[in-house]
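The values are calculated or read from the model by the stated rules, or taken from the named source; none is laboratory data. This structure is a prediction, so every number in the text was calculated from the model and none was measured. With ideal geometry, Cβ positions are generated from the backbone for all residues, glycine too; neighbour counts draw on all protein chains shown. All accessible areas refer to the heavy atoms of the entire protein, side chains included, with ligands and DNA or RNA removed. Shrake-Rupley method; radii C 1.70, N 1.55, O 1.52, S 1.80 Å.
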Amino acid sequence: DEEFDELCFEFGLELDEITSEKDIISKEKGEEKAKGASDVVLYKIDVPANRYDLLCLEGLVRGLQVFKERINLPRFEKIIPSEGEGQRLIITEQTAQIRPHAVAAVLRNITFTKDRYDSFIDLQEKLHQNICRKRALVAIGTHDLDTITGPFTFTAKAPSEIKFKPLNQSQEYTASQIMDLYRTDSHLRHYLHLIENKPRYPVIYDSNGVVLSMPPIINGDHTKISLNTRNVFIECTGTDITKAKIVLDIIVTMFSEYCEKPFTVEAVEVVYPNGKTHIYPELAYRTEKVKPEYINKKVGISEPPSSLAKLLTRMCLKSHVTGNGNHIEIEIPPTRADIIHACDIVEDAAIAYGYNNIQMVIPKTYTIANQLPLNKLTELLRLDLAAAGFTEALTFALCSQEDIADKLGMDISATNAVRIANPKTAEFQVARTTLLPGLLKTIAANRKMPLPLKLFEISDIVVKDPSTDVGARNYRHLCAIYYNKSPGFEIIHGLLDRVMQVLEVPPNEENGYTIKAAEGTAFFPGRCAEVFAKGQSIGKLGVVHPDVITKFELTMPCSVLEINIEPFV
């Protein structure tokens, strides 16, 4: 396990954890549910989002074998059948409004086992989730070619005109009934919105009118793949032709190793509505040239060109030195759609060289780091507040709308709060506009503690501000609270005086601080004051209103101080 962990790290992956199905279920649902689950060891490996070729066991093992120099990278070959022998996919103009693109390929004489089949289905699912953007950009369909006869037609029809037996169902349904059927399906209901409001649904037929699939929702049951399937027809339909080509390339390069002639793919001719034709899969190899010194400079190493070429070859980028050693010629295989710019090649050279083997050097630019003045002031104040006998609390920056509005007797529109667009829980709907609710909730959670409770927090609050580029602004607030059998206003007032003393702000109107009677919805009438300093209002202090106390499920009176400390930086 340790060796494999080390190998993953060297290859730029992370072995996340070593677990089993049983462990996973017992962690998520408890040990009762895990009974009877498999004990087989599972490796959870984190793959970077750009490496689609490592998303299945076949690709991962191949990549690691090439990296360890045990095998050479296979050469993928496209076989174009003789005239009239090959399969054709005809796209009609009806698809233009909904899913205009389609690509296809055939894997001939493939041998599936249970594990290979599971991996094949699993790879499609992983591709659907990331590069296909939950099937919005591309949807993959794989079919048993021996159950259908070409040429195939990709068209779009009214939902009532489409009728077929969907995968693993026992009877035929129309497209509208299929949508209703899968509305409650935990897996498929997430894709229904992609086509359900369109006047026509995309559908693929064979020459006898058998439905292969209704992308991006479901395949037909007729063409279902089994372990005995020998010839697989793969179609990818989508709204983004580039992504569709990449997805098709990945699937055929990963699984063509199980064909009778390994690493060969039979091409399919796609006919466009305008009559033009194109052969897929493209399986395009291309060459790039990079200067060795460019790689060395960017990574911070000094390797000769020949060893750089060797490093890149280990990363599935077959390379050799050309022209007296002043260029490296790199062949980009169809599996590596992530190589877009020279810097992607440099990154792979760095991974193969080993990040831990790169010498650390002091940067050429001379800089002295300094703490942000606001953070420095915050740190100093935290020490003094703790010395004054208050305990620091750290509370969530997000809270519910009630916390900052209803419970404090305010209207949500008056708070100017920044909202979360799709909050996961009711507790995290808005960014806090005051630190008070967090501290009141902390006290509510610690009611069993001996009185008095003296808490403080110095953190950011967030309010909308149209004048900034992000539309919001943070302010650093200091909030302190005293909770006891009596309100203890004098203790909080004393704390304010102490804070001003350490900030060297004198208690006068000209250049110091003053407090003036004020009203606040969260405060007891006549027991609230506004704090003025540096010629501006910086916050309030006072006794909390009994309604607020009961809304936070507290029973004792408390007094509170909340000020903005930014003017004192």
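The residue that is least open to solvent (accessible area, probe 1.4 Å), among those in segment 298-321 that are of a type in the set (Lys, Arg) and closer than 16 Å to ASP344 by Cβ, is ARG314.
Would you be able to say whether some residue in segment 175-184 is under 27 Å from GLY86 (Cα atoms), in contact (Cβ under 8 Å) with a residue 24 or more places away in the chain and out of contact with any Lys or Arg (no Cβ under 6 Å at 6 or more places or on another chain)? No: segment 175-184 contains no residue that is under 27 Å from GLY86 (Cα atoms), in contact (Cβ under 8 Å) with a residue 24 or more places away in the chain and out of contact with any Lys or Arg (no Cβ under 6 Å at 6 or more places or on another chain).
Counting the residues of segment 339-355 that are open to solvent by less than 20 Å² (accessible area, probe 1.4 Å) and either free of Cβ contacts under 8 Å to residues at least 24 places away in the same chain or of a type outside the set (A, V, I, L, M, F, W, C) (or both) gives 2.
Looking only at residues in segment 356-385 that are assigned to a helix (DSSP H, G or I) and closer than 30 Å to VAL299 by Cα, the one that is most open to solvent (accessible area, probe 1.4 Å) is ASN356.
With a requirement of 1 or more residues that are within 26 Å of the chain's Cα centre (by Cα) and more than 19 Å from ILE234 (Cβ to Cβ), the helices (runs of 4 or more DSSP H) lying completely within segment 1-106 that satisfy it span 2-10, 21-29, 57-67. Right, LEU440: open to solvent by less than 60 Å² (accessible area, probe 1.4 Å), modelled with pLDDT under 90 and farther than 12 Å from LEU478 by Cα or not? It is false that LEU440 is open to solvent by less than 60 Å² (accessible area, probe 1.4 Å), modelled with pLDDT under 90 and farther than 12 Å from LEU478 by Cα. Listed by position, the helices (runs of 4 or more DSSP H) enclosed by segment 394-459 that each have at least 2 residues that are touching a strand residue (DSSP E or B) at 6+ places or on another chain (Cβ under 7 Å) and touching a residue at least 60 places away in the same chain (Cβ under 8 Å) are 436-445.
Which numbered condition in (1) in contact (Cβ under 8 Å) with a residue 60 or more places away in the chain; (2) surrounded by fewer than 18 Cβ atoms within 10 Å (Cβ to Cβ) is the only one that PRO281 fails? For PRO281, the failing item is (2).
Being in a helix (DSSP H, G or I) and of a type outside the set (Phe, Trp, Tyr) holds for only one residue in ILE549, ILE515, ILE538, and it is ILE549.
Among the residues making up segment 548-565, a single one is surrounded by fewer than 14 Cβ atoms within 10 Å (Cβ to Cβ) and either acidic (Asp, Glu) or more than 17 Å from ARG447 (Cα to Cα) (or both): GLU553.
Need the failing condition index for ILE71 against (1) in contact with a helix residue (DSSP H, G or I) (Cβ under 9 Å, 6 or more places away or on another chain); (2) without any contact (Cβ under 8 Å) to a residue 24 or more places away in the chain; (3) over 30 Å from LYS310 (Cα atoms), just the number. For ILE71, the exception is condition (3). Is it the case, given these coordinates, that ARG527 is in a strand (DSSP E or B), open to solvent by less than 50 Å² (accessible area, probe 1.4 Å) and of a type in the set (Lys, Arg)? Against the criterion (in a strand (DSSP E or B), open to solvent by less than 50 Å² (accessible area, probe 1.4 Å) and of a type in the set (Lys, Arg)), ARG527 does not qualify.
Could you check how many residues of segment 479-503 are surrounded by fewer than 16 Cβ atoms within 10 Å (Cβ to Cβ) and hydroxyl-bearing (Ser, Thr, Tyr)? Residues meeting the conditions: 1. Residues in segment 417-432 that are over 12 Å from GLU457 (Cβ atoms) and open to solvent by less than 20 Å² (accessible area, probe 1.4 Å): 3 in all. The residues of segment 295-318 include none that are under 13 Å from ALA342 (Cβ atoms) and hydroxyl-bearing (Ser, Thr, Tyr).
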